[in-house]
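First up is the structure itself, then whatever we jot down about it.
The values are calculated or read from the model by the stated rules, or taken from the named source; none is laboratory data. This is a predicted model, so every value here is computed, not measured. Cβ placement follows ideal geometry from the backbone for every residue including glycine, while neighbour counts extend to all protein chains displayed.
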Amino acid sequence: MKSFRKDFLWGGATAANQYEGAWNVDGKGASVPDHCTNGSHLHPKRITVDFEPDTLYPSREATDFYHHYEEDIKLAAEMGFKVFRMSINWTRIFPTGMEEQPNEAGLLFYDKVFDELRKYGIEPLVTISHYELPYALVEKFNGWYGREVIDCFVRYASVLFERYKDKVKYWLTFNEINSGTMPMGAALSLGTIKGFTGSIKELPDEPQIRFQALHHQFVASAKVIKLAHEKYPAFMMGNMSLFATKYPYTCNPSDVLKCQRAMRIMNWFCSDVQARGYYPSYIERFFEEKGITIRKEPGDDEILRQGKIDFYTFSYYMSACETTDPDAVAKVGGNLVGGVANPYLKASDWGWQIDPQGLRWSLNEIWDRYQLPVMVVENGLGAKDVLTEDGKIHDSYRVDYLRQHIEQMREAVADGVDLMGYTPWGWIDVVSASTGEMAKRYGFVYVAKYDDGTGDLKRIRKDSFYWYQKVIETNGEALK
């Protein structure tokens with residue numbers, strides 16, 4: 001059976017706002033995550049306009065990649081990484097997002113990171129903006145609702161491209177851009193939260209503002225992709241979508257149609273724009289029903305056509321069902337989006353349903369739709385890891401989860417999907433984006449950092465570290 005290609009990019013994924021720390025070091029400005037408190041599965045994190053004393057803001061130190069990058073990259077190299085997915089903190093380069101000149105100290109930090117990766121032959125995969133909008137842009141423009149932010153982003157990306165043109169080949173413009181189709185995306189991605197203090201579950205939702213802000217992200221993404229294609233032809237430019245696989249709960253045609261609509265709005269709309277270069281026809285009815293009118297400027301449609309992606313990347317954690325029966329079954333939560341519980345699936349400690357075969361189905365659907373190389377850039381199991389008395393973590397549950405998903409990726413390759421790489425989420429423990437906690441751990445490497453803010457940040461290899469090392473060494477053949 002056909003298996004992974006010889007140049008398959010095995011690695012792991014992180015995000016600066018959940019991993020890097022050093023939130024006010026060397027000229028860095030405050031981003032939206034720096035205004036987010038800690039939380040948990042039961043007690044949502046909050047956003048505060050003003051910094052509250054005696055309150056923990058976990059992203060500010062996170063797991064401190066800023067001061068541990070050499071140690072961490074060495075651990076990634078020990079596992080055999082071919083690629084290291086990371087993001088750049090916008091506010092480390094432009095502290096408010098509005099400066100005319102970049103912060104040299106921030107640029108130098110990423111120079112050192114990329115040089116360290118090159119030392120071990122690891123390819124960086126860089127997300128330009130991964131849920132860390134400068135908070136000053138929230139205050140000034142209500143985040144991406146202000147069209148002015150497009151120019152701020154293009155200036156930022158232009159600096160990155162020119163500075164790192166010989167060090168970075170693979171770029172993603174926005175992390176999980178389709179989160180903007182959901183209410184929580186206002187805080188995570190769009191920054192349309194001017195003046196808001198409160199629980200992230202209580203965000204005021206204004207679809208007109210969200211989808212207008214999302215349009216500005218589309219234009220910004222297309223502009224920087226067009227720039228890359230014109231000036232830096234060696235670059236590979238990708239999108240990044242949160243893929244929330246949906247099934248109809250029954251074969252009732254009403255369930256099937258509701259599922260189709262959910263898939264279109266959540267999973268296909270944003271990538272249709274980014275891969276095909278235009279708004280799909282089905283979105284017109286959705287906008288009409290929601291009372292949404294997208295204000296475009298002359299030239300926007302042409303920019304979208306000119307700024308299409310070269311490869312498709314996505315996160316995959318779980319699936320859920322859709323039904324028109326309000327009394328059918330219990331709801332389930334998930335990675336920003338939930339649905340109806342699937343009776344054929346088990347769930348994680350956080351209630352996310354585990355569906356490895358759903359990854360194969362999703363890969364096939366993505367490939368059939370776009371015919372672009374595909375990469376799974378997030379996938380993993382958030383779990384409560386227990387440190388034993390002898391200082392070890394036996395995480396067979398994580399190995400089982402990842403093994404099953406890699407097996408289904410291999411099936412998708414045999415189905416004909418052009419799969420180019422795999423970077424499991426949080427290969428080293430990071431702060432949870434959705435809950436703001438450390439207890440929900442994903443990594444192959446344990447970091448001694450806890451939800452009360454304590455911990456010496458010691459790095460400890462879990463059992464899964466050695467398992468994944470063997471997976472990479474055998475190009476996905478040794479999964480047991």
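Pick out the one residue from 211, 235 that is within 28 Å of residue 318 (Cβ to Cβ) and either among the β-branched types (Val, Ile, Thr) or at pLDDT 95 or above (or both).
Answer to the check: 211.
So which residues in segment 344-400 are among the polar types (S, T, N, Q) and either buried (at least 20 other Cβ atoms within 10 Å of the Cβ) or closer than 17 Å to residue 268 by Cβ (or both)? Steps first, please.
Residues of segment 344-400 among the polar types (S, T, N, Q): 348, 353, 357, 362, 364, 371, 379, 388, 396.
Result: 353, 362, 364, 371, 379.
Among the residues of segment 164-173, is there at least one that is in contact with a helix residue (DSSP H, G or I) (Cβ under 7 Å, 6 or more places away or on another chain) and in a helix (DSSP H, G or I)?
no
Take the residues in segment 223-264 that are aliphatic (A, V, I, L, M) and assigned to a loop (DSSP other than H, G, I, E, B); name whichever of them is surrounded by the fewest Cβ atoms within 10 Å (Cβ to Cβ). Quick ask: steps written out before the conclusion?
Of the residues in segment 223-264, the ones aliphatic (A, V, I, L, M) are 224-225, 227-228, 234, 236-237, 240, 242, 244, 256-257, 262-263.
Next, from what is left, pick out any that are assigned to a loop (DSSP other than H, G, I, E, B): 234, 240, 244.
Values: 234: 9, 240: 29, 244: 26.
Within segment 223-264, the match that is surrounded by the fewest Cβ atoms within 10 Å (Cβ to Cβ) is 234.
What pairs come up if the first residue lies in segment 454-480 and is at positive phi, the second is part of a loop (DSSP other than H, G, I, E, B) and of a type in the set (Lys, Arg), and their beta carbons are under 9 Å apart, counting only those six or more places apart or on different chains?
From residues that are at positive phi, the pairs are 455/449; 457/449; 475/5; 475/6.
Listed residues 35, 68; which is surrounded by fewer than 21 Cβ atoms within 10 Å (Cβ to Cβ), modelled with pLDDT of 95 or more and touching a strand residue (DSSP E or B) at 6+ places or on another chain (Cβ under 8 Å)? Step through it out loud before you land on a result.
Values: 35 fails: surrounded by fewer than 21 Cβ atoms within 10 Å (Cβ to Cβ).
Exactly one residue qualifies, and that residue is 68.
Taking only segment 412-428 into account, find how many residues are touching a strand residue (DSSP E or B) at 6+ places or on another chain (Cβ under 9 Å), part of a loop (DSSP other than H, G, I, E, B) and either within 21 Å of residue 74 (Cβ to Cβ) or not β-branched (Val, Ile, Thr) (or both). So that I can check it myself, show each step before the final result.
Looking only at segment 412-428, we keep the residues that are touching a strand residue (DSSP E or B) at 6+ places or on another chain (Cβ under 9 Å), and these are 412-413, 417-428.
Restricting the remaining residues to those that are part of a loop (DSSP other than H, G, I, E, B) gives 417-418, 423-424, 426-427.
This time we only want the ones that are either within 21 Å of residue 74 (Cβ to Cβ) or not β-branched (Val, Ile, Thr) (or both), so: 418, 423-424, 426-427.
Of the residues in that region, 5 qualify.
Which of the residues belonging to segment 76-102 are farther than 28 Å from residue 39 by Cβ and out of contact with any Pro (no Cβ under 9 Å at 6 or more places or on another chain)?
76, 77, 78, 79, 80, 81, 82, 99, 100, 101, 102 - these are the residues of segment 76-102 that are farther than 28 Å from residue 39 by Cβ and out of contact with any Pro (no Cβ under 9 Å at 6 or more places or on another chain).
Return the only residue of 16, 105, 22 being closer than 24 Å to residue 163 by Cβ, within 20 Å of the chain's Cα centre (by Cα) and aliphatic (A, V, I, L, M). Working first, answer last.
Working: 105 fails: within 20 Å of the chain's Cα centre (by Cα); 22 fails: within 20 Å of the chain's Cα centre (by Cα).
Exactly one of 16, 105, 22 is closer than 24 Å to residue 163 by Cβ, within 20 Å of the chain's Cα centre (by Cα) and aliphatic (A, V, I, L, M), namely 16.
For a quick check of your reading of the model, give me the residue pairs whose first member lies in segment 135-149 and is under 8 Å from residue 194 (Cβ atoms), whose second is assigned to a helix (DSSP H, G or I) and hydroxyl-bearing (Ser, Thr, Tyr), with beta-carbon atoms closer than 9 Å and at least 6 apart or on different chains.
That search, which allows pairs on different chains as well, returns 143/189.
Name the residue, out of 96, 14, that is in contact (Cβ under 8 Å) with a residue 40 or more places away in the chain and surrounded by fewer than 23 Cβ atoms within 10 Å (Cβ to Cβ).
On the way: 14 fails: surrounded by fewer than 23 Cβ atoms within 10 Å (Cβ to Cβ).
None of the other options fit; the residue is 96.
Within segment 118-144, how many residues turn out to be more than 21 Å from residue 59 (Cα to Cα) and either among the charged types (D, E, K, R) or surrounded by fewer than 24 Cβ atoms within 10 Å (Cβ to Cβ) (or both)? Before the answer, list the steps.
Of the residues in segment 118-144, the ones more than 21 Å from residue 59 (Cα to Cα) are 118-125, 140-142, 144.
The next check asks that each one be either among the charged types (D, E, K, R) or surrounded by fewer than 24 Cβ atoms within 10 Å (Cβ to Cβ) (or both); those that pass are 118-124, 140-142.
Of the residues in that region, 10 qualify.
Quick one: would you say residue 201 is surrounded by fewer than 24 Cβ atoms within 10 Å (Cβ to Cβ), in contact (Cβ under 8 Å) with a residue 12 or more places away in the chain and either outside any loop (DSSP other than H, G, I, E, B) or touching a His at 6+ places or on another chain (Cβ under 8 Å) (or both)? Can you show your working first?
Working: surrounded by fewer than 24 Cβ atoms within 10 Å (Cβ to Cβ): yes; in contact (Cβ under 8 Å) with a residue 12 or more places away in the chain: yes; either outside any loop (DSSP other than H, G, I, E, B) or touching a His at 6+ places or on another chain (Cβ under 8 Å) (or both): yes.
Yes, satisfied.
Are any of the residues in segment 411-425 within 21 Å of residue 245 (Cα to Cα), hydroxyl-bearing (Ser, Thr, Tyr), buried (at least 24 other Cβ atoms within 10 Å of the Cβ) and at pLDDT 95 or above? It would help to see each step written out before you state the result.
Looking only at segment 411-425, we keep the residues that are within 21 Å of residue 245 (Cα to Cα), and these are 411-425.
In the following step, the residues that additionally are hydroxyl-bearing (Ser, Thr, Tyr) were identified as 422-423.
Checking the rest, the ones that are also buried (at least 24 other Cβ atoms within 10 Å of the Cβ) come to 422-423.
Still in the running and at pLDDT 95 or above: 422-423.
Yes, segment 411-425 contains a residue that is within 21 Å of residue 245 (Cα to Cα), hydroxyl-bearing (Ser, Thr, Tyr), buried (at least 24 other Cβ atoms within 10 Å of the Cβ) and at pLDDT 95 or above.
Which number in (1) of a type outside the set (Ser, Thr, Tyr); (2) over 20 Å from the mean Cα position of the chain (by Cα); (3) not in a loop (DSSP other than H, G, I, E, B) marks the one condition that residue 76 misses?
Going through (1) of a type outside the set (Ser, Thr, Tyr); (2) over 20 Å from the mean Cα position of the chain (by Cα); (3) not in a loop (DSSP other than H, G, I, E, B) one by one, residue 76 breaks only (2).
Looking at (1) free of Cβ contacts under 8 Å to residues at least 12 places away in the same chain; (2) under 19 Å from the mean Cα position of the chain (by Cα), which is the only condition residue 388 fails?
Unmet condition: (2).
Give the residue that is farthest from the chain's Cα centre (by Cα), with candidates limited to residues of segment 429-467 that are in a loop (DSSP other than H, G, I, E, B) and farther than 25 Å from residue 34 by Cβ. Working first, answer last.
Pass one, segment 429-467, residues in a loop (DSSP other than H, G, I, E, B): 429-440, 442-444, 448-458, 462.
If we keep only those that are farther than 25 Å from residue 34 by Cβ too, we end up with 444, 462.
Values: 444: 18, 462: 23 Å.
Taking the candidates together, the pick is 462.
Just the residues that are aromatic (Phe, Trp, Tyr) and assigned to a loop (DSSP other than H, G, I, E, B), please, taken from segment 116-160. I'd like the intermediate steps shown before the answer.
First, the residues of segment 116-160 that are aromatic (Phe, Trp, Tyr): 120, 131, 135, 141, 144-145, 153, 156.
Residues satisfying the conditions are 120, 131.
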